[in-house]
Amino acid sequence: MIIVGAGSAGKESSGMLMQDSDEDFVFFDQNYIGDKIWNKYTVITNIEVLEKILKENPYFCVAIGQPRKREKLFNLLIESNAVPKNLISKSANLLSFIPQNGTIIQPGVCISYDVSIGKSCFIHANSVIGHKAEIGDFVNISPLCSIIGPCKIGDYSYIGAGSIVMPNMSLGKNTFITPGSTVNRDIKDCETF
C-alpha cells in the first residue's frame, strides 16, 4: 500500500497499519527530505519510481489533512491507475458500509447506521458520526467531533477539533468550522463558522 503524505497525518496513518496489519507500505511525498521514516519505511519522492511500485501494489490512500491538497494527490494517483483503499482502525466502530474510496478512519471513531462517506475523507480519532449523515468528498473531520445525524456535510469541508454539528444541519462545500464550535444553523458554501 502507498500512503501519500509523509507528514503528521501520514505518520499517524502508518501507525494504524503497524498496529492493525502486517501489510507492507511505503510513503509517497514529493516534498519530503530524506528517504526513510523511523529509519524503516521508504519515502518515495519521484513519480516515476512511484509508478513502478504501483504496478506491483496499486493500492493507496492520501493522508493529508488539507482537503484540496488531498484531492489533487488523490487524482494524481487515480491518473496513474492506482486503486483507492480505505485505512480503517480496528478500534473504530462502524455500523455503515464504507466503500473502498481511500477514506482514513482513525482509532475510536464511531459511525452509526445509514451514513454515507464520500471519496478520500479523513476522520480523526474519537469522532462520532450519527445516523443518516451524508459526508461529501475530501472532508476532514478533526479529533473529538460529534456529527449528530441526520445532517449533510459538503465536499472539501473542514470540521475543527471538538466541534458539534447538530441534527438536520446542512453544511455547504468548502465550509470551515472553527475548533470547539456548535453548528446550530445551516452553513453556506465557503462560509467559516
Condition set out of contact with any Phe, Trp or Tyr (no Cβ under 7 Å at 6 or more places or on another chain), among the hydroxyl-bearing types (Ser, Thr, Tyr) and in a helix (DSSP H, G or I), scope the stretch 1-51, selection nearest to residue 88 (Cα to Cα): answer is 13
Residue under question is residue 102, and the condition is that it be closer than 27 Å to residue 72 by Cα, in contact (Cβ under 8 Å) with a residue 24 or more places away in the chain and surrounded by 21 or more Cβ atoms within 10 Å (Cβ to Cβ); does it hold? yes
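Here's the yes/no breakdown for (1) out of contact with any helix residue (DSSP H, G or I) (no Cβ under 9 Å at 6 or more places or on another chain); (2) of a type outside the set (Val, Ile, Thr):
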{"residue": "148", "(1), (2)": "yes, no"}
{"residue": "151", "(1), (2)": "yes, yes"}
{"residue": "156", "(1), (2)": "no, yes"}
{"residue": "179", "(1), (2)": "yes, yes"}
{"residue": "184", "(1), (2)": "yes, yes"}
task: With respect to residue 81, determine if the residue is part of a loop (DSSP other than H, G, I, E, B) and either buried (at least 17 other Cβ atoms within 10 Å of the Cβ) or without any contact (Cβ under 8 Å) to a residue 60 or more places away in the chain (or both).
output: yes
Picking from 10, 108, 65, 102, the residue that is touching a Cys at 6+ places or on another chain (Cβ under 7 Å) and either at pLDDT 90 or above or closer than 21 Å to residue 136 by Cα (or both) would be 102
**Prompt:** Does residue 149 count as part of a loop (DSSP other than H, G, I, E, B), in contact with a His (Cβ under 9 Å, 6 or more places away or on another chain) and either at pLDDT 95 or above or over 30 Å from residue 58 (Cα atoms) (or both)?
**Reply:** yes
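The values are calculated or read from the model by the stated rules, or taken from the named source; none is laboratory data. It should be emphasised that the depicted structure is a prediction, and the values quoted were computed from it without experimental measurement. Cβ sites come from the backbone with ideal geometry, for glycine too, and all protein chains shown count toward neighbours.
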